[in-house]
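Scroll down for the structure; my scribbles are underneath it.
The values are calculated or read from the model by the stated rules, or taken from the named source; none is laboratory data. Quantities reported herein were computed from a predicted structural model and do not represent experimental measurements. Note that we place each Cβ from the backbone using ideal geometry, even for glycine, and neighbour counts take in every protein chain shown.
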Amino acid sequence: MPELPEVETVRRGLAPTLVGARIVGVELRRHDLRLPFPKDFAKRLRGRRITELSRRAKYLIASLDDGQALIAHLGMSGSFRVESIPEPVGAFALTRNKNPNHDHVVIRLENGAVIYNDPRRFGFMTLIEGAALDQQDFLARLGIEPLSNAFHAQALAGLFAGRKTSLKAALLDQSLVAGLGNIYVCEALHRAGLAPDQAAAGLAGPQDRPTKETEKLVRAIRDVLEEAIAAGGSSLRDHRQADGALGYFQHQFRVYDRAEEPCLRLKCTGIIQRRTQNGRSTFFCPACQK
DNA sequence: ATTGAGTCCTGAAGGC
DNA sequence: TGCCTTCAGGACTCAA
């Protein structure tokens, strides 16, 4: 499931191919993903040169030379792959085990193609005027970028103040901190030694001043995201890097998908538990997460 | 305003 | 073996 580290991995993988390249054509194999493609999507992209490939939370943003921006969200199962021309007709060697029936978008460049594949179609793409980027609803609603300087204990304490919801639900709320998903929230909470079901407001502390726990949580989130990016993301189900390589951070999970296995914290003798919280699986160690 | 439940989708995994 | 059911989850919409 692409969360921030996976999207960043995809960005880094695609950048050498996309930045500076001209789009010679776009082929849509269906009219929508989770959302419909905007009107004249292919036509508005054709002939444009990509000037920059950036990321905001789990969104990829390709800036174009005419001021437009192509926004892509990978949903749960979206991935890009790069193919160089000539594309082998009828050959499946380069599809890397992906069902070509789920190749929904082909972006043709002068010297190759970038193909978007998404079995579950929870992703989407849209095209907006760059000047309106910050006003786009789904981007404007996003909270703090967790790898930015704006993400610090004081800010997090302010966001959590007065929240009745659980710590885990608060961290999954993209309007507070943007880019975390189920896996990295579980991992960060374990690293910080914090129980997922405690009230988020408790992390705000008196006068909304950050507590030691808030400081720990900020560090844990940063660390786990940076380590995951360095590992090329986590390959669960079908996340791969743009060059088809697998990320390997899943081997460093300490709680996610480890129910009934021993806690990996030094000297902790707890057993990892799985519980459903807000309709999502939460993995945690009841012994060392308080 | 905040919060939680329901929804979309397909492939993997488990049960019989 | 194979069919059937259940589950996974990001982010939207809706309702309390």
- modelled with pLDDT of 90 or more and assigned to a strand (DSSP E or B) - does that describe any residue in segment A:91-104? yes
- Tell me, please, whether a residue that is surrounded by fewer than 19 Cβ atoms within 10 Å (Cβ to Cβ) and either more than 16 Å from DNA strand C (Cβ to nearest atom) or not in a helix (DSSP H, G or I) (or both) can be found in segment A:176-191. no
- Query: In segment A:275-290, how many residues are over 26 Å from A:Ile229 (Cβ atoms) and either in contact with a strand residue (DSSP E or B) (Cβ under 6 Å, 6 or more places away or on another chain) or away from DNA strand B (no atom under 16 Å from the Cβ) (or both)?
  - Reply: 4
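Would you say A:Leu171 is assigned to a helix (DSSP H, G or I), within 15 Å of DNA strand C (Cβ to nearest atom) and under 25 Å from A:Glu8 (Cβ atoms)?
yes
If only one of A:Arg265, A:Arg258, A:Arg280 is in contact (Cβ under 8 Å) with a residue 24 or more places away in the chain, within 21 Å of A:Gly232 (Cβ to Cβ) and surrounded by 14 or more Cβ atoms within 10 Å (Cβ to Cβ), which one is it? Talk me through it step by step, then tell me what you get.
Numbers: A:Arg265 fails: within 21 Å of A:Gly232 (Cβ to Cβ); A:Arg280 fails: within 21 Å of A:Gly232 (Cβ to Cβ).
Answer to the selection: A:Arg258.
Is segment A:117-131 home to any residue that is assigned to a loop (DSSP other than H, G, I, E, B), away from DNA strand B (no atom under 12 Å from the Cβ) and crowded, with 19+ Cβ neighbours inside 10 Å? Let's see the steps before the verdict.
Kept after step one, since they are assigned to a loop (DSSP other than H, G, I, E, B), are these residues of segment A:117-131: A:118-123.
Next, from what is left, pick out any that are away from DNA strand B (no atom under 12 Å from the Cβ): none.
Looking for residues that are assigned to a loop (DSSP other than H, G, I, E, B), away from DNA strand B (no atom under 12 Å from the Cβ) and crowded, with 19+ Cβ neighbours inside 10 Å, one finds none in segment A:117-131, hence no.
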- Output for Cβ contacts, cut-off 6 Å, separation at least six or different chains, first residue closer than 14 Å to A:Gly20 by Cα in segment A:44-58, second of a type outside the set (Asp, Glu) and within 16 Å of DNA strand C (Cβ to nearest atom), reads A:Leu53/A:Arg11; A:Ser54/A:Ile61
- Return a yes/no flag: does segment A:120-132 have any residue that is among the acidic types (Asp, Glu) and in contact with a strand residue (DSSP E or B) (Cβ under 8 Å, 6 or more places away or on another chain). yes
- Item | Number of the condition not met by A:Asp197 [criteria: (1) farther than 25 Å from A:Cys268 by Cβ; (2) within 16 Å of DNA strand B (Cβ to nearest atom); (3) part of a loop (DSSP other than H, G, I, E, B)] | (1)
